[in-house]
Structure formats: structure tokens, C-alpha cells
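Following: one structure in C-alpha cells, then a few remarks.
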Amino acid sequence: HTPIRRSRIQNTPPPTPDLTIPGSDIDPPASDAWSLIATAIGTATSYVPALVIEGDVEHPNVEAVLFEHRIHVPGQAENAGWVGNAVEPPTVKRKQIVNVLQATAYEVSVSYRVGGVIGDRLILGPVTTADLQVEHLADDTVSTEKVVDNAITDTLGAANGSTITCTGIGDYIEVVAFDLPMALGGRIMLDATMALTFAPGESWAYRIILSEGGVDYDVSSGSGNVDHHVPATGFLDTTSGTYEARLEVAGTVGVSINAGAASLRALRAYK
């Protein structure tokens, strides 16, 4: 008689499943993968400041590269103040940013998107942008003048320093404006900055205008739905006359500009 052997049943629980989402914790680019320089775009005698980022994606699974910039503020929180510039394919090697202010310290961030998820930022800088340079259009006797106006004025004629609230993305409101006489033909370069207050889901747009005799010339324009600090710059070759320099902003209902939070500056060069 052969005894029957009974197998011992192990009451071992199955392994706990891994519920983490692959790719949800994405590291920033390697510290040596990208570099940042402050430079200028234009000719040897006439240019605007710019930031240039160069590098190479070092991870094969990257779907896109995100570039952002911000004015450098010591002690600023890591996620504060960023302005989105572009989402580029992983083949990108160079990114140029020209909507920056002159003689100002900036930081730039680079981050990767993998599996639809945006990773941590690699923060580069700070670097300081160049001064605006206007070409001497005729000879060494060219004179330059600066006009600065930090006031905020709304289209209803409220006192300078009032808060301006936007009424629609296509409804532009005058924020800063001043007359700019040109004794001779030459070039006008304008740079502006504005700090916008808005909630998630809202968006804004701006334009810098030079106007003469009822004709508007668009010097610079842009739009977005990220960050609140917006710098802009542009130039226009002109004949003699009196021009109006104007900064206008539009936004979805709820977007506002607080008192003292916008400026428009003009640099003139005569022939």
C-alpha cells in the first residue's frame, strides 16, 4: 500500500501591482546638454537684444522640447515668472528669443515632454542682454534722445495709475501713450513691458503702435496664455513728423493690468 502524498498549499499573496505611471517623473535635461548666451540680432550698427539657446536632446524617448524665459529676480520661486516661447520637435538644436528687454538679466529653462508629460526644468543663466543699438543712418553728427513714460492711462481718461481691466480678446485698450516728434527722418525703436494679472484659462494679447496722421504702424505684437510678465521690442524707419507711440493690451474678461505695471520707452536716431 503506497501512501498518498498531499502537496502543501502556500498561502502567499500575489505581488502588489505597480500603479505608477511610466514617464510621470521626468528628469530635467542634463546640465551640459544646453547652453545659453545673450547676444544681439541685426547688423554691426543696428540690432536688438536676443537670447540664444543651443544644445541637443540626449534622451531617445523625448517627444518635444519646451523653451521658456523670465527676468532674473534673486530669490524668485523656481516655478514663478516663466514666459512660454515655443514647443519644438526633439531635433531642435538652436532656439532664438528676441522679445526681451535691453540690459536686463534673464534666465531660460529647457524641459522635455515624454509620454505627454512635461518634465522638470533645466534652468540656464542668468545672462544680461545687450543695449538696443540704433544705426547712425547718415554720419557721425547723428543725435539720439530717450523718451520714457511709465504712466498707465485708460481709454476712458481715468487718472494715471488706474487699474485697467480687459473686456475681450479683440478689444484693445490703450495702456501707455505719448507723442514722439521726429525733427528729421530716422529710426524709432520701442520697448515695452507689462505685468498682467489673470486666472488659468484666460488669455491676453498686446501690440505696440506708432501712429502718424491717423495711420497706425504695427511695430510689435504678440499673445499668450501663460505667465504675467511680457516684454516686447521693435523698430520702424520713419520720416520727419510727430508720431504717437502707443502700447495696447487686450484680454479675456478678467485680465487686468495694475497701476504702475506697464512701461513704454522710445529711442530715436536721426539721419
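The values are calculated or read from the model by the stated rules, or taken from the named source; none is laboratory data. If you're wondering where the values come from, they're calculated on a predicted model, not measured in any experiment. No Cβ is skipped: glycine too gets one built from the backbone with ideal geometry, and neighbour counts run over all protein chains shown.
For this structure, a couple of remarks:
- Summed over segment 83-128, the residues that are crowded, with 18+ Cβ neighbours inside 10 Å, at pLDDT below 90 and not β-branched (Val, Ile, Thr) give a count of 5.
- Strands (runs of 3 or more DSSP E) wholly inside segment 175-258 containing at least 3 residues that are of a type outside the set (Asp, Glu) and without any contact (Cβ under 8 Å) to a residue 40 or more places away in the chain: 204-212, 215-224
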